[in-house]
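Here the structure is laid out as structure tokens; the discussion comes afterwards.
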Amino acid sequence: MKIADSWLTRVPCLDTPDLTYVQHVSCSILERIAADRNLLTTLVDEVLSNPDRLAASRVTLLLNRLSLWEAPDRSFELRLNMNPRPENQIVPHDHCYAFATHILAGGYVHVVRRRTDGWKGSFTGADLQPAIVTLERPGSTYALDHSMVHQAVMAPDTVTLFIRGPRRKQRSHAADELMPSRQSWPEPAVPGDEPAESRSATLDEFLIMRRYLRDRRIIN
């Protein structure tokens, strides 16, 4: 199978203010991919032959992710998240974009928080109150707008599909006083470089991630 021949190339544009529509389309995409292990395997394998997708795959202080597919003309990117750092999951944060998630393996406690200081700009933990707490299990799918603050306290072997929409604000925000210490940041890819909160995955790290997915029968 080649992705160029798949239904992914015909997904409609997600650059619309209609959040109900974005949620419906995004969740449908994720659920369809989750049900097609051959397609998911192809998406993962093609990262190896696409330098842009490998460069966009990241090792971050929260988890590792593969950039499986990007459609800039239709304003979305498909990712696969894995290897969460449980000790770094306590930070409430928002995103620059609306997104949807589908849990493939593992699970987590998901907390959506209510801001008490308005809905824009920076915030601290003191500005937040819990609003919705859910337990997400394999098969769960949900979507959130860019204005929502949340945190996902993940089990160690959690793997999720993730689709992001177009950027809606200049930067995301997190409760800075709860951010993980520098000691927990990913090791630099090049010896001698400074650690970073997020950096591109190396080829070796991609191969390790793919093996991890195969061992757990997420892909073929």
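The values are calculated or read from the model by the stated rules, or taken from the named source; none is laboratory data. It should be emphasised that the depicted structure is a prediction, and the values quoted were computed from it without experimental measurement. Neighbour counts are summed over all protein chains in view; Cβ atoms, including those assigned to glycine, are modelled from backbone coordinates with ideal geometry. Ligands, DNA and RNA are excluded from the accessible area calculation, which covers all protein heavy atoms including side chains. Shrake-Rupley method; radii C 1.70, N 1.55, O 1.52, S 1.80 Å.
Odds and ends about this structure:
- The fraction of accessible area contributed by carbon and sulfur in the chain is 52 percent, rounded to a whole number (1.4 Å probe; ligands and nucleic acids excluded).
- The chain - accessible surface per residue (Å², probe 1.4 Å): 50 Å²
- Only one residue of Ala196, Thr158, Leu61 has its Cα farthest out toward the positive end of the dipole of the chain, where Lys and Arg carry +1 and Asp and Glu -1 on Cβ, and that residue is Thr158.
- Under 5 Å between amide hydrogens, built in the peptide plane, is the criterion, and for Ile219 it picks out Arg214 among residues at least 5 positions away or on other chains.
- Extension gain, Val133 back to Cys13 (0.36 nm per residue minus Cα-Cα distance, nm): 40.1 nm
- Calculated SAXS-style log₁₀ I(q)/I(0) at q = 0.10, 0.14 Å⁻¹ - the chain, Debye, Cα scatterers: -0.44, -0.90
- Extension gain, Thr116 back to Ser49 (0.36 nm per residue minus Cα-Cα distance, nm): 19.5 nm
- Heavy atoms of Ile208: accessible area, 1.4 Å probe, square angstrom to 10: 120 Å²
- Kirkwood hydrodynamic radius over Cα pairs of region 92-220, then Stokes diffusion coefficient at 25 °C and 0.890 mPa s, in µm²/s: 147 µm²/s
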